[in-house]
Structure formats: structure tokens, C-alpha cells
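> Right, I'll just put the structure down here and ask away after.
The values are calculated or read from the model by the stated rules, or taken from the named source; none is laboratory data. None of the values given here were measured: they were computed from a predicted structure. Cβ atoms come from the backbone with ideal geometry, glycine included; neighbour counts cover every protein chain shown. With ligands, DNA and RNA removed, areas are computed over all heavy atoms of the protein, side chains included. Shrake-Rupley method; radii C 1.70, N 1.55, O 1.52, S 1.80 Å.
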Amino acid sequence: MAGMDATQLEKVRSGRGFFAALDQSGGSTPKALAEYGIDQSRYTSEDEMFDLVHAMRTRVITDPAFDGSRILGAILFEQTMERDMHGVPSAQYLWAEKQVVPFLKVDKGLAAEQNGVQLMKPIDTLDELLERATRHQIFGTKMRSVIHDADEDGVAAIADQQFEYGARISAAGLVPILEPEVSIGSPHKDEAEMLLQNALQTRIDALPGDAAVMLKLTIPTQAGRYAAIAADPRVVRVLALSGGYSRHDACALLARDPSMIASFSRALLEGLSDQQTGAQFHAQLDASIAQIFEASVDKVPAGG
């Protein structure tokens, strides 16, 4: 594994491409299926729902358009990790067949809002989940919390929780993606991002020199807001979430920020449908991947 880990780390750190976020959990799965053209009349139990969403994810990942030439990493839901694709465990299939580095969503959802933010619910099963992730040859993890307003205490609490869990994940030998999302509907989005930038920088400065963390952040109001953080050698990569923007709008914003690459979920799957023929599905997925890839690697010059 050591050699493969080094190869994966180099791909994630310096490769040209973006991340596919395919980690919708139980709460967000019905909406994801509905957008894919499968309404709730098609399933009568949670097991049937997860079977359908796994079929959707399998269709995406096994399509010829989805490979490591444009996609660096993929973030999986826990149940996806435990299932197979074409008879191969999903994470192993990603790397062996597609040269896409596998990551795992580990958070358990959001707590109620307090001080303008939603912390993560306690991840009580983290140690056991990391052991399973290691067995499945998962490279890293991802966990999300949300900032709704520019509250200094709330932002500090978000950063503290992300870095505390991140340290445990790093100690288990995996690379954590910290995702303190700033809501695009925040009434003080730029101010919240300024607070977050400072909170992240302070905590990154305190990390040991050989640390390796990643960040997944809302595309900032001011392009380049996180450029100094992205340049820190302890930060493997800074990813951008689509955050409710359409793919077109998210890509237009991302193309203006040279320090970030995409890690899109809904914006990646936008336009795909269960009713599409194989050729239609492939054409739409290929076009979507091409658009997101371009926004991640071909940046608009400042002032352009």
C-alpha cells in the first residue's frame, strides 16, 4: 500500500482535474434520486432506495467518461464503500479500473444551528469506520459542517471541531478533507469567509510540518480568498463545493479562482436521468465532466 499511497498522494496534490462527490447520505438520497428521474413511488423501503442510488452511482462511475484523466478523486457514501461495482469492491474498482483516488464521507449529519453555524453531530463510530476504510483501501475522508452567518465564536467552533476530528483521521493514516461550508445564502457571506480564512490559517499554522490535510470550501465572494492557504505545503488541495449553484454558475465562478478545483455533487449529476439511453447518458456525463474539468484547470485571467 505504501507505494500506491504515494502515487495517489501525488495525483491528488498535483494532478489536473477535479473531484466527484458521490456521497449523498440517507437524508439527501430521495432528492438525488428525484433529480435523476426516480420518484418515491419506485421504492417502498430504505433498502430499495439505497439499491437504486447505488445503481445510479455505478452507472456514473463505470461510464467511459468517468476516469482518472479528468477526475482525480471520488467521495463515497459509507454504503457505497461496502458494495461492489462489476464484482469489485467500489473503492478498489475506482483506483484499479479508473485511476480515481477513493475518499469516504464520515460525518453523521448536522446538529441544530447555534451561533450562526451548524456543527457536525458527534461521529461516535469514527474509529471503527476508519478501520473499515483502511481495509477497503480508502485514501482519505470528508466531513461537512455549515456556516450560516459571520459569527466569530461560531466559526471558531466549526474550525476547532473540523481540525480535532481531522487529527484523529490523520493519526489513522488517512488524509482528511475538512469541509466548513459557508452557505451561499448567508447575509454576510464575505465577512463569514474572512473569519473562516483567519480561523483556518491559525489552525494550519499550528500543524506539524509533515501534516497533510485538504479543504473543501464554498467558492468565495472574493476570488483567491484562500490562495495563501492553498499554497501551504501542509494543504494537499483546496476543493470547491457547488453549494446550490447550477453547474453553469458554479463553473463560471470557479474558473475565476486559481487556487481551487471542483468537488461537485449535484452540479456533476445535473442533467443525468434514469430514462436516458446509454448513449444519451454518456454524452451528458461527458459534457458535464468536460465543463467542470475546464473550470478547474483553465482559469480566467484576473480582470478577464
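> Grab the Cα-Cα distance for D210 and D67, subtract it from 0.36 nm times how many residues apart they are, and report the gain in nm with one decimal.
In short, 48.5 nm is gained.
> Give me the accessible area per residue for the range 94-195, probe 1.4 Å, as a whole number in Å².
Per-residue accessible area for the range 94-195 comes out at 41 Å².
> Magnitude of the Cβ-charge dipole of the range 120-195, K/R +1 and D/E -1, about the Cα centre, nearest 20 debye?
The dipole of the range 120-195 has a size of about 560 debye.
> Additional query: Check the straight Cα-Cα distances from K216 and name the lysines below 18 Å, setting aside those fewer than 8 residues away within the same chain.
Leaving aside lysines fewer than 8 places away in the same chain, those within reach of K216 are K11, K105, K108, K142, K189.
> Given a 1.4 Å probe, how much area per residue of the range 245-290 is accessible, in Å²?
So the range 245-290 comes to 40 Å² accessible per residue, rounded to a whole number.
> Please determine, in degrees from 0 to 90 and to the nearest 10, the orientation of helix 46-62 with respect to the longest principal axis defined by the Cα atoms of the chain, where the helix direction is its Cα long axis.
Helix 46-62 and the main axis of the chain meet at about 90 degrees.
> Of the heavy-atom accessible surface of the chain (probe 1.4 angstrom), what whole percent is carbon and sulfur?
After summing per-atom areas, the C and S share lands at 51 percent.
> Here's another thing I want to ask about it. Straight-line reach from K98: which aspartates and glutamates fall under 13 Å, measuring Cα to Cα and dropping same-chain residues less than 8 apart?
Within reach: D63, D67.
> Then there is this: So how strong a dipole does the chain carry about its Cα centre when Lys and Arg Cβ are +1 and Asp and Glu Cβ are -1, to the nearest 20 debye?
Computed charge dipole of the chain: roughly 740 debye.
> Another one. Report, to two decimal places, the Cα Rg of the range 195-304 normalised by 2.2 N^0.38 Å (N = number of residues).
1.22
> Take every Cα-Cα pair in the range 1-96 and report what % of them are more than 17 Å apart.
Tail of the P(r) past 17 Å holds 54 percent of the pairs.
> Could I ask something else about it? Under 5 Å between amide H atoms, partner at least 5 residues away or on a different chain: which partners does T141 have, H built in plane at 1.01 Å?
Hits under the 5 Å cutoff: L104, V175, I177.
> What full-extension length gain, to one decimal in nm, is calculated for H188 and T202 as 0.36 nm per residue of separation minus the Cα-Cα distance?
Length gained, H188 through T202: 2.9 nm.
> Check which residues have an amide H placed less than 5 Å from G224's amide H, if you skip close sequence neighbours.
S259
> Let me spell out the model: positive unit charges on the Cβ of Lys and Arg, negative unit charges on the Cβ of Asp and Glu, origin at the Cα centre of the range 191-304. What dipole size does that give, in debye rounded to 20?
140
> How far is it, in nm, from the label point at K121 to the one at A171 when both lie 7 Å from their Cα along the line to the Cβ?
Label at K121, label at A171, 2.4 nm between them.
> What distance in nm separates the simple spin-label points at D39 and D298, each placed 7 Å from Cα in the Cβ direction?
4.0
> Report the one residue of P122, L215, A111 whose Cα lies farthest in the direction of the positive end of the charge dipole of the chain (charges on C-beta: Lys and Arg +1, Asp and Glu -1; origin at the Cα centre).
The one lying farthest along the dipole's positive direction is L215.
> Moving on. If the chain between D232 and T277 were fully stretched, how many nm would it gain, using 0.36 nm times the residue separation less the Cα-Cα distance?
Gain in length upon complete extension: 11.7 nm.
> So, in nm, how far is label D51 from label T221 when the simple model puts each one 7 Å beyond its Cα toward the Cβ?
4.8
> Which whole-number percent gives the relative contact order of the chain, counting Cα pairs below 8 Å spaced six or more residues apart?
Once divided by the residue count of the chain, the mean separation gives 18 percent.
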